[in-house]
Amino acid sequence: MKYDAIIMGAGHNGLIAASYLAKAGKNVLMLEAADEIGGATASVKAFKEYEARLSRYSYLVALLPDQIVKDLGINFETLSREISSFTPYVKDGKDYGLHISRIWDKETEESFKELTGSDDEGKAWQEFYSEVEKVAQKMAPTFLEPLRTRSEMKALIGQDKTWDYLIEKPMSEVIKTKFTNDIVRGVVLTDALIGTFVSADSIQSNICFLYHLMGNGTGEWKVPRGGMGALVKELERVATSLGVHIKTDSEVNQIVSTADGVSVQTSAGQRYEAEYLLSNAAPAHLDRILGKKSKDSLPGSQLKINMLLRKLPRLKSGADPKKAFAGTFHINESYEELERAYVTSKNGQIPEHAPSEMYCHTLTDPTILSEELSEKGFHTLTLFGLHTPAELFEKDNAEAKKIAQQRCLDALNTYLLDPIESVLAVNSDDSLCIEVKSPLDLEKDVRLPSGNIFHQDLNFPFKEEGDTQVWGVETDDPRIFICGAGAQRGGGVSGIPGHNAAMAVLAKG
Ligand SMILES: Cc1cc2nc3c(=O)[nH]c(=O)nc-3n(C[C@H](O)[C@H](O)[C@H](O)COP(=O)(O)OP(=O)(O)OC[C@H]3O[C@@H](n4cnc5c(N)ncnc54)[C@H](O)[C@@H]3O)c2cc1C
């Protein structure tokens with residue numbers, strides 16, 4: 001039997017591509033290498049003795065366009081966090097925290113003033129993010145349209161000064177021009193570095209920043225109700241109800257493309273034929289199977305630590321933990337600390353003052369815990385460490401993870417009255433409920449090349465003049481498309497490349 005399309009990989013993007021194609025009447029087969037679907041969007045019971053389903057890899061959603069949810073009838077809810085971030089700091093030997101509400105309020109204003117001594121930095125903050133939001137409102141809707149060129153996008157945005165500092169000049173320039181405080185500068189910079197191993201002086205940081213601020217025209221990062229697994233479950237329901245066939249334990253290891261179609265073979269020796277192949281796997285994996293050389297990409301550079309707590313720890317600053325941990329909790333992420341950590345890692349060392357950020361999803365969505373754990377006051381914590389590239393783990397993954405974990409926890413403990421270890425849930429063998437994933441683990445577990453969470457380097461969401469791509473999903477083989485994070489405008493839990501690859505195939509008739 002010949003399918004209209006075969007999708008290699010069943011991550012969320014593959015499921016979205018499959019659903020759009022099936023909705024348009026196409027016959028679609030998905031082949032997933034792992035024994036479960038979902039890729040980097042998965043919820044798991046990470047600690048067997050406890051009924052807590054953690055988003056093991058990705059955890060927040062901003063980039064998934066409402067349009068896709070509506071088009072496919074995806075029954076999936078994301079929840080706002082009232083508090084955007086909390087950054088603990090020490091001034092004159094005393095502990096404080098920079099509190100930033102999602103919507104600017106008196107508490108945020110006072111907190112900026114307490115840190116900086118005046119209203120200027122708070123005003124600069126509001127002005128900067130309102131300019132960025134105006135760009136987001138114009139740029140985000142284009143993500144589901146054919147690619148515009150750089151000049152077309154610039155004309156559409158129509159804010160030349162903002163364009164200049166967001167697109168043309170490295171993030172370091174705008175951050176240093178607009179803000180004076182090292183902690184405030186750092187909070188801005190983190191969005192330019194998540195999963196991206198560069199200095200603020202690299203344009204790659206601008207691209208990362210754009211993707212973190214553009215989602216749905218607001219850039220608001222929300223908590224998926226029920227965890228990332230709820231999204232995958234729902235996408236599976238939608239895809240299969242539209243007639244998509246999904247086979248797990250089916251790693252594609254051979255692809256032959258001719259004028260008549262594409263033929264793929266799995267490692268178990270099964271062969272399938274289709275008109276088109278869509279790769280949800282990273283471009284480096286597709287290239288390897290096709291015997292082609294891949295383009296260079298940055299390594300993954302994040303440490304993911306998942307924890308289950310018996311209770312929230314108290315803070316030295318006296319801030320209410322239910323508020324401090326409700327948003328993004330920044331640790332050692334001042335501008336100077338981030339830049340220093342980058343240089344240290346670049347020189348092959350794990351940073352002593354490890355920068356990271358943390359999230360407590362159960363404060364927004366307790367449904368990922370059983371009622372019993374919820375009632376007892378249990379919580380989950382997700383820590384995302386920055387500037388810990390794959391190379392640091394290559395010699396001895398287990399030992400490097402131990403060091404990196406300890407440095408992250410020590411950094412966190414600087415601000416806690418109750419050391420984090422004292423509030424972690426404990427297994428019956430006395431081990432603590434904490435799991436650590438290095439970039440190498442991500443490569444092994446979910447096939448992210450060198451643990452790169454975006455599959456490969458992110459690109460600006462427009463094309464350069466003369467580029468013939470239409471959707472940013474095309475390859476040099478007219479029968480093969482990229483439908484995963486590695487496409488242009490890919491990266492993150494967005495479904496955008498899935499949608500766009502489906503549109504590219506449907507345009508072929
Ligand atoms: C630790 C971590 C935290 C993150 N946090 C966030 C976040 O909070 N918010 C956010 O938006 N994004 C986040 N991301 C990024 C986001 O998860 C990914 O960019 C996104 O999940 C990619 O989705 P995808 O469907 O394109 O690919 P994937 O989820 O990577 O799925 C690809 C699938 O292809 C399969 N595959 C690969 N090769 C083959 C083959 N040869 N044959 C068959 N199948 C194959 C894989 O097994 C996998 O299931 C995070 C990622 C990580 C790792």
Residues Thr367, Thr414, Thr382: which one is modelled with pLDDT of 95 or more, over 22 Å from Gly227 (Cα atoms) and either under 21 Å from the mean Cα position of the chain (by Cα) or of a type in the set (Val, Ile, Thr) (or both)? Thr414
Using the structure shown, decide if Tyr50 is more than 8 Å from the ligand (Cβ to nearest atom), in contact with a strand residue (DSSP E or B) (Cβ under 8 Å, 6 or more places away or on another chain) and among the aromatic types (Phe, Trp, Tyr). yes
Would you confirm, using the coordinates I've provided, whether Gly486 is closer than 20 Å to Ile255 by Cα and buried (at least 23 other Cβ atoms within 10 Å of the Cβ)? yes
Please determine, by comparing only the residues of region 448-468 that are in contact with a helix residue (DSSP H, G or I) (Cβ under 8 Å, 6 or more places away or on another chain) and of a type in the set (D, E, K, R), which one is nearest to the ligand (Cβ to nearest atom). Asp457
Unique match (being within 30 Å of Glu375 (Cα to Cα) and more than 20 Å from the chain's Cα centre (by Cα)) among Glu51, Glu121: Glu51
Can you pull out the residues in region 142-168 that are exposed (fewer than 14 other Cβ atoms within 10 Å of the Cβ) and within 24 Å of the chain's Cα centre (by Cα)? Glu145, Glu168
Subset of region 294-323, residues touching a Cys at 6+ places or on another chain (Cβ under 9 Å) and not in a loop (DSSP other than H, G, I, E, B), comes to Leu303, Ile305, Asn306, Met307, Leu308, Leu309, Pro321, Lys322
At pLDDT 95 or above, in contact with a helix residue (DSSP H, G or I) (Cβ under 7 Å, 6 or more places away or on another chain) and within 28 Å of Glu51 (Cα to Cα) - does that describe any residue in region 214-224? yes
Is it the case, given these coordinates, that Asp429 is outside the structural domain of Thr142 (by TED's automatic domain parsing) and farther than 27 Å from Phe86 by Cβ? yes
Say whether the condition of being surrounded by fewer than 22 Cβ atoms within 10 Å (Cβ to Cβ), assigned to a strand (DSSP E or B) and in contact with a helix residue (DSSP H, G or I) (Cβ under 7 Å, 6 or more places away or on another chain) is met by at least one residue in region 255-277. yes
Taking helices (runs of 4 or more DSSP H) that fall entirely within region 414-509, which contain at least 2 residues that are without any contact (Cβ under 8 Å) to a residue 12 or more places away in the chain, farther than 29 Å from Ile37 by Cβ and β-branched (Val, Ile, Thr)? none
Check off (1) charged (D, E, K, R); (2) closer than 27 Å to Ala390 by Cα; (3) within 10 Å of the ligand (Cβ to nearest atom) for Lys247 and give me the number that stays unchecked. (2)
I need the helices (runs of 4 or more DSSP H) fully contained in region 25-143, keeping only those with at least 2 residues that are under 29 Å from Asn280 (Cα atoms) and touching a Gly at 6+ places or on another chain (Cβ under 8 Å). 120-139
On the basis of being touching a residue at least 24 places away in the same chain (Cβ under 8 Å), assigned by TED's automatic domain parsing to the domain that holds Arg237 and either surrounded by fewer than 19 Cβ atoms within 10 Å (Cβ to Cβ) or hydrophobic (A, V, I, L, M, F, W, C) (or both), does Ile6 make the cut? yes
Could you pull out the residue among Leu54, Leu31, Leu21 that is outside the structural domain of Gly495 (by TED's automatic domain parsing) and either buried (at least 18 other Cβ atoms within 10 Å of the Cβ) or closer than 24 Å to Glu251 by Cβ (or both)? Leu54
Hey, can you tell me all the residues within region 1-24 that are within 11 Å of the ligand (Cβ to nearest atom), more than 22 Å from Asp66 (Cα to Cα) and part of a strand (DSSP E or B)? Ile6, Ile7, Met8
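The values are calculated or read from the model by the stated rules, or taken from the named source; none is laboratory data. This structure is a prediction, so every number in the text was calculated from the model and none was measured. Methodologically, a virtual Cβ is constructed for each residue, glycine included, from the backbone with ideal geometry; neighbour enumeration extends over all protein chains shown.
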